[in-house]
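The values are calculated or read from the model by the stated rules, or taken from the named source; none is laboratory data. Just so we're clear, the structure is a prediction, and the values are computed from it rather than from any experiment. When we count neighbours, we look across all protein chains shown, and the Cβ atoms used for this are built from the backbone with ideal geometry, even at glycine.
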Amino acid sequence: MSLIKTQQTIHINSSFRVSGTHSDFVVNIPLKKNNKFTHVAVIDISIPKSYYLISGGSNTFTIEENGSTFIVTIPVGNYSINSFLYVLNNIFQNTQGLNHYTATFANSKTEPQTGKISFRHTNTQHNSDFIFENNNLAEVMGFNRGSTNRFTLNQTHSTLVSTNVCNFQKESTVFLHSNLASNGGEDDILIELFASGNADLSNINLTSGDLEEHSKHFTGSQSNSFRFYLTDEYKQGIDLNGVNMLITLCFYEKQNADSLMVGFIKYLTMYLEEEREMKMKERKNLEMKQ
């Protein structure tokens with residue numbers, strides 16, 4: 001239990017930043033002079049879900065076959081399973097040395113759904129590997145990050161099936177970091193937002209009805225200049241592609257009610273002791289007069 005002594009509400013728009021981008025920026029916050037704020041909480045936030053399923057710098061995987069290496073680059077953007085397979089198969093068919101590869105997904109009308117992609121190629125003379133870097137393209141295609149996945153050789157063709165269910169949700173959780181917050185020295189996460197229920201190109205919104213629900217320890221600053229940035233669960237940055245975010249913060253000084261209670265008990269104990277002593281003196285004086 002705690003009491004709030006003083007507080008100040010600040011509205012932040014990434015468009016009015018001092019430097020950086022909408023997803024990683026520095027902003028000046030005009031806090032009250034000589035404040036004694038101990039905590040900060042996000043009470044309202046709106047983050048655009050404008051980041052892409054497949055983003056630049058995380059949109060390639062490697063195919064190795066018989067000593068030859070091919071880099072497959074998926075165009076940046078959002079995809080459904082059908083649009084992704086169309087684009088991927090188009091790349092296979094129009095790339096010299098890869099036109100014997102195909103990718104398919106179970107027909108939901110006639111086949112059981114496993115959520116995995118089946119890959120096939122007709123070159124049965126050589127082994128073939130799909131090699132992924134440590135990015136989410138591997139998860140989109142149903143493989144582990146940083147993994148190497150070998151095709152199984154058959155008599156007429158070779159096959160590979162996704163290791164895991166394909167993940168076409170770019171980020172299920174988004175983390176907002178800031179150097180104005182501290183979680184006991186463990187990290188600088190100001191708040192985490194669950195985004196899986198929001199459609200692409202919509203907004204991830206949260207309004208907190210409880211001030212202390214999302215409170216973090218305020219680190220304080222002499223300059224009142226603070227950094228805010230978005231990451232996924234792997235601490236990799238998220239690009240909002242030019243769309244601004246809005247944040248409402250409440251800075252406040254928290255006084256622990258337990259300490260107030262201890263002080264009150266001490267005061268009450270002293271008061272009762274004084275009362276007891278006074279009554280004893282009055283009784284002695286009365287006895288002496290008798």
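Summary of values
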quantity: Options Asn127, Asn183, Asn154, Asn136: the member that is in the same structural domain as Val18 (by TED's automatic domain parsing) and modelled with pLDDT under 95; calculated: Asn183
quantity: Any hit, region 101-124, residues being surrounded by 13 or more Cβ atoms within 10 Å (Cβ to Cβ), touching a Lys or Arg at 6+ places or on another chain (Cβ under 6 Å) and on the phi < 0 side of the Ramachandran plot; calculated: yes
quantity: All positions within region 104-115 that are closer than 18 Å to Ile74 by Cβ and either part of a helix (DSSP H, G or I) or not polar (S, T, N, Q) (or both); calculated: Phe105
quantity: The listed residue being outside the structural domain of Asn13 (by TED's automatic domain parsing), among the hydroxyl-bearing types (Ser, Thr, Tyr) and either at pLDDT 85 or above or not in a strand (DSSP E or B) (or both), out of Tyr267, Tyr229, Tyr234; calculated: Tyr267
quantity: Flag for Ala41 being of a type in the set (Gly, Ala, Ser), in the same structural domain as Ile189 (by TED's automatic domain parsing) and part of a strand (DSSP E or B); calculated: yes
quantity: Search result, residues across region 44-98 that are in a helix (DSSP H, G or I) and either of a type in the set (A, V, I, L, M, F, W, C) or at pLDDT 95 or above (or both); calculated: Ile81, Ser83, Phe84, Leu85, Tyr86, Val87, Leu88, Asn89, Asn90, Ile91, Phe92, Gln93
quantity: Given (1) part of a helix (DSSP H, G or I); (2) modelled with pLDDT of 70 or more; (3) not aliphatic (A, V, I, L, M), index of the condition Glu287 fails; calculated: (2)
quantity: Residues located in region 141-162, provided they are more than 16 Å from Arg120 (Cβ to Cβ) and among the polar types (S, T, N, Q); calculated: Asn144, Ser147, Thr148
quantity: The one condition in (1) in the same structural domain as Ser182 (by TED's automatic domain parsing); (2) touching a helix residue (DSSP H, G or I) at 6+ places or on another chain (Cβ under 6 Å); (3) assigned to a loop (DSSP other than H, G, I, E, B) that Asn34 fails to fulfil; calculated: (2)
quantity: Identity of the residue in region 164-207, crowded, with 16+ Cβ neighbours inside 10 Å and among the hydroxyl-bearing types (Ser, Thr, Tyr), that ends up nearest to Asp44 (Cα to Cα); calculated: Ser178
quantity: Residue tally, condition among the hydroxyl-bearing types (Ser, Thr, Tyr) and over 14 Å from Leu249 (Cα atoms), over region 31-56; calculated: 4
quantity: Only one of Phe168, Phe175 that is part of a strand (DSSP E or B) and of a type in the set (Phe, Trp, Tyr); calculated: Phe175
